[in-house]
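Contents: one structure, followed by commentary.
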Amino acid sequence: MIHPLAYVHPDAKLGANVTVEPFAYIAGKVTVGDGTWIGPNAVINDGAVIGRDCKIFSGAVIAGIPQDLKFRGEETTAVIGDRTMIRECATVNRGTAAKNTTIVGSDTLIMAYAHVGHDCVVGDHCILANNVSLAGEVELDDWVILGGHTAIHQFCRVGKHAMTSGGTMVGKDIPPFIKAAHYPASYVGVNTIGLRRRGFDAKQIEEIMNICRIMFQNGYSYGKACGLLEERLPDSEARREMLNFFAGSKRGVIKPYQPRLKDQDTE
């Protein structure tokens, strides 16, 4: 159903059972999958490719022009997977010549006022809480959860099943399976609750905790710790995931949290 007060360009491609509410705007070079709902005052710009059964809430802007001074008007896209929900006033910019596309996966929730910058890749089953900001070319692997007001520097990567607390400032890569917090972002533990909710059993979680003890808690350099993982722990999917993440890191990896020493009592 397209409300008569909505604007839908005649060249836009809308699937079956798409609903477009009053005052929504849909440009011409747009594809919207079956069953998707476009809320009032949502803006879907040229280059948007939206999957099936998505919900785009009021004031959200999909495929806005990149906030990048190198952008020269090239034709690029912003691709949204199936069953993804984009809440009020969230923004997803389209790509630039760097990668040509911004990608948000399926079954992902982007909460109100969050921003996904140009050429980002957001995986499946991710949650970006309110006011999360992703700079250009950030990568989030599947099942990442970012607490409200988390801000991530351009080119950073966050591994699978990682989680940040609210207000975390991220300037380096965050490995899989862990929790990060503070400024600058630091390792503060294993995301055990999230892993249990996703079906990891006690043996798998214990294995991940053993991996993280070597990587983050025993004081080794990351190069030394990666070698010890290969020497001391049997091959597994979790071990490979951690080693491959470190091998592919381009910005460096966050460090363990080091609390400030309390002032000595002078009394």
Q) With charges set only on the Cβ (+1 for Lys and Arg, -1 for Asp and Glu), what does the dipole of the chain come to about its Cα centre, in debye to the nearest 20? A) 360
Q) What FRET efficiency comes out for the pair LYS70/LYS29, r = Cβ-Cβ distance, R0 = 22 Å, nearest 0.05? A) 0.55
Q | Of SER186, ILE80, GLY47, farthest towards positive along the dipole that unit charges on Lys, Arg, Asp, Glu beta carbons give the chain | A | SER186
Q | Positive-end residue, the chain charge dipole about Cα centroid, Cβ charges, pick of LEU69, PRO234, HIS125 | A | PRO234
Q) In whole Hz, what ³J(HN,Hα) sequence does segment 191-202 give by Karplus (6.51, -1.76, 1.60; θ = phi - 60°), x for Gly and Pro? A) 7, 5, 5, x, 5, 4, 5, 9, x, 5, 8, 4
Q. Roughly speaking, what is the stretch gain from HIS9 to ILE193, that is 0.36 nm per residue apart minus the C-alpha to C-alpha distance, in nm to one decimal?
A. 61.7 nm
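Pairs of alpha-carbon atoms within less than 8 angstrom and 6+ residues apart define the contacts here; what relative contact order does the chain have, in percent?
8
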Q. DSSP loop trypsin sites (Lys or Arg not before Pro) in segment 48-84 with at most 14 other Cβ atoms within 10 Å of their Cβ, which ones?
A. LYS70, ARG72
Q) So what J values fall out for segment 208-220 if you push phi through Karplus, 6.51 cos²θ - 1.76 cosθ + 1.60 with θ = phi - 60°, rounded to Hz, Gly and Pro as x? A) 5, 5, 5, 4, 6, 4, 5, 6, 10, 10, 9, x, 7
Q) Under 19 Å from a point 7 Å along the Cα-to-Cβ line of SER58: which residues of segment 25-44 have their amide N that close? A) 25-26, 37-44
Q) In debye, nearest 20: dipole of segment 197-256 around its Cα centre with unit charges on the Cβ of K, R (+) and D, E (-)? A) 340
Q. Among residues other than VAL253 whose Cβ falls under 15 Å from its Cβ, what is the net charge (Lys/Arg +1, Asp/Glu -1)?
A. +4
Q. Which whole-angstrom value gives the distance between the alpha carbon centres of segment 13-47 and segment 58-91?
A. 13
Q. Pick from ILE214, ILE152, ILE86: which is most flexible by mean-square fluctuation in a GNM of the chain where alpha carbon atoms under 10 Å apart are linked?
A. ILE214
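Coordinate-derived values only; no laboratory data. As the structure is a prediction and not an experimental result, all values here were calculated from the model. A quick note on method: Cβ atoms are made from the backbone with ideal geometry, for glycine too, and the neighbour counts reach across all protein chains shown.
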